[in-house]
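The values are calculated or read from the model by the stated rules, or taken from the named source; none is laboratory data. For clarity, every value in this text was computed on a predicted model and none was experimentally measured. Cβ coordinates were reconstructed from backbone atoms using ideal geometry, including for glycine residues, and neighbour counts include every protein chain displayed. Just the protein is used for accessible areas: all its heavy atoms, side chains included, with ligands, DNA and RNA removed. Shrake-Rupley method; radii C 1.70, N 1.55, O 1.52, S 1.80 Å.
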Amino acid sequence: MKFRTLFTVLAAGVTVASCTSEPLADPASQLQAARSGPAFAASAEPEEEPVLSPFLADLDARLAASGSNLRVLRAEFMVDTGAAEFGSQVLIANNRVRGLAYEWVSGDPRRGGRVGVNYAFDPYQGREPFTRNPDGSGLRQMPFAELEPQLEQAMSAWRDRTCSDAPIDRVALPAGVDPDLLDNLFLGSDGGRGTPVTLSDIVQAGWQLPSFFTAFAGPSGNNIIGVTFSFYFVDGSGNPTDINGDGRLDTGLAELYYNTRFAWGNSGAPNVVDTWHITTHETGHAVSLAHFGKVFVTKRDAANGISITDIKYAPRALMNAVYVTGRTPITGTDNSSFCQVWASKN
Ligand SMILES: [Zn+2]
């Protein structure tokens with residue numbers, strides 16, 4: 001069952017005027033929503049409280065000043081909180097989009113009329129992450145040729161879902177082109193390739209130095225493992241659009257970045273973050289999935305201090321907000337969450 005929390009978004013000024021945690025049953029409220037322009041639904045699941053980010057607000061202002069029809073919706077990231085336990089956090093640029101659901105619109109003319117989504121990899125070679133051998137030895141950097149099939153696995157993990165035929169297609173990147181917005185805007189850390197060109201809906205933008213993450217999250221950015229930036233489309237007046245009337249913001253772009261401060265790998269080596277888990281989780285955000293599931297520690301389990309085995313999930317899922325080493329596959333809950341979004345996009 002999917003409850004929708006309706007926010008009434010006023011056409012002028014766009015402020016959140018009202019909200020309720022119950023399905024809207026009151027006809028007067030529905031009428032008010034209908035008269036005040038698009039009514040956007042909140043995420044299907046309650047989630048962690050987003051934090052307003054001055055950096056993202058500034059980024060939004062720069063996008064507006066440049067005449068772009070994109071705005072930052074949110075930055076969702078996994079953080080290393082120590083002791084091999086990872087939590088998550090959400091940054092937003094402004095309150096008007098707090099908690100709102102967002103989806104790619106099938107056939108959106110602003111994205112070339114694509115039914116599904118396409119994606120590109122940024123093969124920028126300057127930021128290769130480290131990996132280790134399965135026994136923990138042999139710390140070395142991975143070249144893009146080694147990273148590319150790992151990123152492709154994250155894309156195919158979602159593409160292989162059988163409930164949707166909507167394409168998730170890769171776009172080839174012309175040599176020398178910078179396909180992502182944010183690395184250029186953050187510290188010019190784009191390899192000096194000049195003006196970014198938006199070639200795809202989703203950009204696996206690769207790995208960046210910790211300074212990239214502290215630029216938008218402050219000192220705690222050092223502990224960010226991976227982040228997904230989601231953008232939504234606005235109209236000529238800067239208001240969010242809902243061209244297909246599904247009560248959701250129209251997603252315009254997603255860029256994903258990973259931190260070189262961690263060692264990465266798919267071999268289960270000690271002291272690495274699981275590349276498949278993190279890249280597939282972040283890609284889950286890029287295909288419109290939010291976190292879900294409860295994470296908790298019982299009083300009894302915590303009696304002698306909290307260890308990894310004390311942490312419980314209900315249900316366990318790849319899209320849980322907390323990651324505790326190793327790998328969680330795409331579970332039935334992840335799959336049904338994906339299918340709720342994508343089954344109708346064939
Ligand atoms: Zn996440």
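Distant-in-sequence amide contacts of residue 114, defined by a placed amide H-H separation under 5 Å and a gap of 5 or more residues or a different chain, comprise 107, 108.
Looking at region 156-290, the accessible area is 31 square angstrom per residue; that uses a 1.4 Å probe and ignores ligands, DNA and RNA. Here the peptides 61-67, 253-259, 105-111, 332-338 are ranked by packing, the mean other Cβ count within 10 Å, and the order with the highest first is 253-259, 332-338, 105-111, 61-67. On the accessible surface of region 90-189, probed at 1.4 Å, how many percent belong to carbon and sulfur atoms? With neighbouring chains kept in place, the figure for region 90-189 is 53 percent.
For residue 141, the shell of other residues with beta-carbons less than 14 Å away shows a net charge of +2, using +1 for Lys and Arg and -1 for Asp and Glu. Phi angles of region 134-150 translate, via the Karplus equation with coefficients 6.51, -1.76, 1.60 and θ = phi - 60°, into HN-Hα couplings of x, 8, x, 8, x, 4, 8, 8, 9, x, 4, 4, 8, 7, 3, x, 6 Hz per residue; Gly and Pro are given as x. Each other residue within a Cβ distance under 9 Å of residue 227 adds +1 if Lys or Arg and -1 if Asp or Glu, for a net charge of -3.
List the residues whose amide H sits under 5 Å from the amide H of residue 73, counting only those 5 or more places along or on another chain, with H placed 1.01 Å from N in the peptide plane. Those lying under 5 Å, H to H, from residue 73 are 230, 231, 232.
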